[in-house]
Amino acid sequence: MTKPQSPGREALYLSGQNESATLRQHVIAWLAHLDAQGYSPRSLEGYRERLLPFVTWCEERGLLYAPQVSLEALESYQRHLRGYRKADGSR
């Protein structure tokens with residue numbers, strides 16, 4: 001029988017969070033947690049640049065809390081990204 005793996009850092013972080021926190025509050029707190037763990041500023045900026053547009057997209061659709069983000073919502077966001085064009089017209 002194999003020994004169960006201990007939870008990862010993210011699972012430990014999430015287990016201590018307030019269930020009434022919004023997605024945006026979770027992302028901001030998670031980024032602060034990673035900063036305290038010594039992640040590089042460049043890594044933090046990369047996470048921020050990828051997560052905050054998703055959070056904004058969710059907020060525009062009334063999805064403010066993590067339990068509201070369903071598989072259907074994630075698939076819809078993927079379709080949104082496929083249709084997204086940069087300022088120069090490229091994808």
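A few points about this structure:
- Dipole-positive endmost among Val27, Gly38, Gly83 within the stretch 9-83 (Cβ charges, Cα centre): Gly83
- Reduced Cα scattering model of the stretch 9-83, Debye log10 I(q)/I(0), q = 0.12, 0.13 Å⁻¹: -0.36, -0.42
- 11 Å beta-carbon shell around Leu52, net charge (K/R +1, D/E -1): 0
- Zone residues, the stretch 55-81, relative to Gln25, backbone N less than 12 Å from point 7 Å out along Cα-to-Cβ: 65-66
- Spread of Cα-to-Cα distances over 5 Å intervals beginning at zero, given as percent, for the stretch 42-89: 5, 18, 24, 25, 18, 8, 2, 0
Every read-out reported here was derived from the displayed coordinates using simple, explicitly stated rules and does not represent laboratory data. Small disclaimer: the values here were computed from a predicted structure and weren't measured. Virtual Cβ from ideal backbone geometry, glycine too; neighbours counted across all protein chains shown.
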